[in-house]
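Computed from the coordinates by the stated procedures, all read-outs in this text should not be read as laboratory data. What you see is a predicted model; the values in this text were computed from it and never measured. Don't worry about glycine lacking a Cβ; one is built from the backbone with ideal geometry, like all the others, and counts go over all protein chains shown.
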Amino acid sequence: MRKFTEFFLGENKQRPQIESPGNIHVYKSKEDISTIIVTVLGVQPDLLEEIIVTTKRKLPGKSDRLIYLTDNSDFTIFRRHRVMFEYLPPLMEQRLHASDMPWQAYLRERWGLLLAKWRPRRVLAYGMNIDSFLAAAPGALVGKASDMPQS
């Protein structure tokens, strides 16, 4: 009798259901996308275009993403080809500012962050590989003589 009354009085309208664990929707990126980091550290700027064109043509499928890791501060070539890139300061700039920055610690942390961010399936190296680049970075200075307290 109750259902009959609800039907005629319009109280039978569907009520919003309370979310249960079976109704939760999780949105995440596609797991089938794989990332390849292409390091172009220490590469002459005039060779970058050939590397980008070659890797774009030969490597990626529809589910692959290429990330270029460069020490070249002129990003024009990467933007022109509409590719993703990350930047690390070149060795010459690191040496120039060696007293101001703990480069080895910074670059190792930055590389770790890039690996965590992109989770690459593969790392390809043109020019200097990442391990050599990190090892060539100036080490931390203990302290400059002018910074040492006088006794």
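Summary table below
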item	result
Extension gain from L113 to S99, taking 0.36 nm per residue of separation minus the Cα-Cα distance	2.7 nm
Order of H81, H97 - criterion: other Cβ atoms within 10 Å of each residue's Cβ, fewest first	H97, H81
Exposure proxy order (Cβ contacts within 10 Å, fewest to most) of K62, K56	K62, K56
Cβ charges +1 (Lys, Arg) and -1 (Asp, Glu), total dipole of segment 34-137, debye	680
Positive-pole candidate from F75, L96, S34, dipole of segment 34-137, charges at beta carbon	S34
Label-to-label distance, nm, for residues given as E50 and A135 (7 Å Cα→Cβ offset)	2.7
Dipole of segment 34-137, positive end: most advanced residue of Y106, F133, L59 [Cβ charges, Cα centre]	L59
Pairwise FRET efficiency - M92 versus K58, Cβ, R0 = 41 Å, nearest 0.05	0.85
Share of pairwise Cα separations in segment 34-137, more than 23 Å, in percent	25
Fewest-first sequence of I33, I52 by Cβ atoms within 10 Å of each Cβ	I33, I52
Counted charge near F78, where neighbours are those whose Cβ lies closer than 12 Å (Asp, Glu -1; Lys, Arg +1)	+1
Relative contact order %, segment 34-137, counting alpha carbon pairs below 8 Å whose residues are six or more apart	44
